[in-house]
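Here the structure is laid out as structure tokens; the discussion comes afterwards.
The values are calculated or read from the model by the stated rules, or taken from the named source; none is laboratory data. All values derive from a computational prediction rather than experimental measurement. All Cβ positions, even for glycine, are placed from backbone atoms using ideal geometry, and neighbour counts span all protein chains on display. The protein model used for the area step is the full one, side chains on, heavy atoms only, and it has no ligands, DNA or RNA in it. Shrake-Rupley method; radii C 1.70, N 1.55, O 1.52, S 1.80 Å.
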Amino acid sequence: MCGGFGDIFEVDDGGTIEVLKVLNLDNFHDPNTKRKATILFQREAEFLMKQKHPGIPRVETDGYFTWPEGSSPALPCLVMEKIPGKNLQEWMQERGDRPITAASAIDWLKQLAEILDLLHQQKYFHRDIKPSNIMLKPDGQLVLVDFGAVREVTDTYLEQQQAKDTGTVIISAGYTPSEQLEGHAVPQSDFFALGRTFVYLLTGILPLNLPKNPENGQLIWRDKATDVAPHLADLIDRMIAIFYGQRPQDCQEILQILERGEVRSPLEISVQLLPEIKHSIELNQTNTIKNRLTFNWAAKLALAGSIALGSFWTLSPIVASELNKVGLSNYKSQNLDAAYLYYKAALILQPNDREINYNLGVVYEDKQEYTKARAAYQIAVDAGFDRALNNLAQLEILDKQYAKALPLLEQALPLATDIKTKYAIHKNLGWAQLELGQYEEANNNLKKAINISSDRSAAYCLEAVLLERQGNKQESRSNWKKCSDNLQSKFPEEQKWVLQSFSKKFDDLQLTPALKN
């Protein structure tokens, strides 16, 4: 495979498939440019050989060599880890450029900021961050690729500057900042490219296709991104500021801003969200509070003052209920960060509300913050919210505390009234009993779950495991097929618990891609 000035091959290194990059010097006509390309290629190899980070391709200490040895000119070569998965440009295109969620954006931005922090601490700049240079592995880990000269030997080009105080110019249209175009890249140049990358991920629109403010040249993108938390949008705007002095000064500042955004005062959020509370109230025709509060800017400020003085608390149950409704709406749209902020705001007003605590626990669980989820569920259980018993039991199952899960599920079963909860309880009972070796009881509960809802995959998956353990491989294949056929992304528990827990155990089975992924 060819790219730019280099050739890329897949090679078998003792049974391990790796990537071989070869710098083809015949592609360079100018001797000075050829020398720069070789230096940068060697610099990349030296850097990668020192790194031991999951977000950076691995290169062994003998990964750089020239071929053929002893000849002149010899071709510089680099053998490096083959990263499974797709780059984010390909991944977005396969999705039809559908924007990512705010929760994914925050997770990915944290990962990439931590990788960049490692680079910058060692006095390296990446200088060519863009979606096609970020790989997404199947386990969700992002890997930054194409360091140093590799950009010069693939999609970008080398341009020799007239003044000797300028560096090699690396250009990726839409992602390269102005100071880099002039040959003066700084660490903050990486932040510009990273910010522009997230503009694309959050809007599905290439930066070159977005308008600019004619007064300051700033990209206009926020109206194209839906449900992006204000602190995240503000951070991205800082990262893509025209002048690098206005951008975050280091990676730690980016990480601190992301952390502060997640733990902002719910009281502050309550006030900031009042216009949306008003909209929700109007939709539900809650005339009592509509008549008592006028939601204009003056009232907003007055309301903030009344909260501080305590006079607002008589209305707190109504406002908390509206915040909870908006949070639930955001959760159903998979905007986990927005849902979290609304629930936290509501709990400032009604800290022991059982339903809000339960909803917050669900968000924590989806974010895999299980300790926080357990605490929120326990508050809901103590307040009489029976549905939270099943969720607590699920957490015990995740911790492999199957004996602790059983009494919670047995307590929850006679209290369940809706089909969804009954299904989940029987499924979890079957799961816990399966792991405890109580196969007959497990089989009965899994069949009950399937009878309640035959179009959900989790119980089929678990029954396939049960049959497999009992040596009935033939019948288990039918259940694995039903498990795969009924796998639906709107039931995250099926992917998060069942697939993660059992896919490794059954890699030898001929499962469909939907189940294995």
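Yes or no: residue 234 over 20 Å from residue 130 (Cβ atoms) and in contact (Cβ under 8 Å) with a residue 40 or more places away in the chain? So residue 234 fails the test.
When region 375-394 is filtered for residues that are over 15 Å from residue 412 (Cα atoms) and buried (at least 20 other Cβ atoms within 10 Å of the Cβ), the ones remaining, listed by number, are 376, 379.
Within region 358-378, being part of a helix (DSSP H, G or I), modelled with pLDDT under 90, under 18 Å from residue 331 (Cβ atoms) and not aromatic (Phe, Trp, Tyr) holds for 365, 366, 372, 373, 376.
Inside region 187-218, residues that are outside any helix (DSSP H, G or I) and open to solvent by 30 Å² or more (accessible area, probe 1.4 Å) make up a count of 9.
Regarding residue 183, is this residue under 25 Å from the mean Cα position of the chain (by Cα), of a type outside the set (Ser, Thr, Tyr) and part of a loop (DSSP other than H, G, I, E, B)? Judged against the criteria, residue 183 is not a match.
Tell me, which helices (runs of 4 or more DSSP H) lie completely within region 17-127 with 1 or more residues that are modelled with pLDDT of 85 or more and surrounded by 15 or more Cβ atoms within 10 Å (Cβ to Cβ)?
In region 17-127, 88-94, 102-121 are the helices (runs of 4 or more DSSP H) which contain 1 or more residues that are modelled with pLDDT of 85 or more and surrounded by 15 or more Cβ atoms within 10 Å (Cβ to Cβ).
When region 404-431 is filtered for residues that are under 19 Å from residue 465 (Cβ atoms) and small (Gly, Ala, Ser), the ones remaining, listed by number, are 405, 424, 430.
Among the residues of region 236-256, those that are surrounded by fewer than 19 Cβ atoms within 10 Å (Cβ to Cβ) and either among the basic types (Lys, Arg) or not in a loop (DSSP other than H, G, I, E, B) (or both) comprise 237, 238, 245, 246, 252, 253, 255, 256.
Test residue 132 against the criterion of being modelled with pLDDT of 90 or more, among the small types (Gly, Ala, Ser) and under 28 Å from residue 35 (Cβ atoms), and give yes or no.
Answer is yes for this residue.
Tell me yes or no: at least one residue of region 331-350 is among the polar types (S, T, N, Q), open to solvent by 50 Å² or more (accessible area, probe 1.4 Å) and at pLDDT below 50.
No, that holds for no residue.
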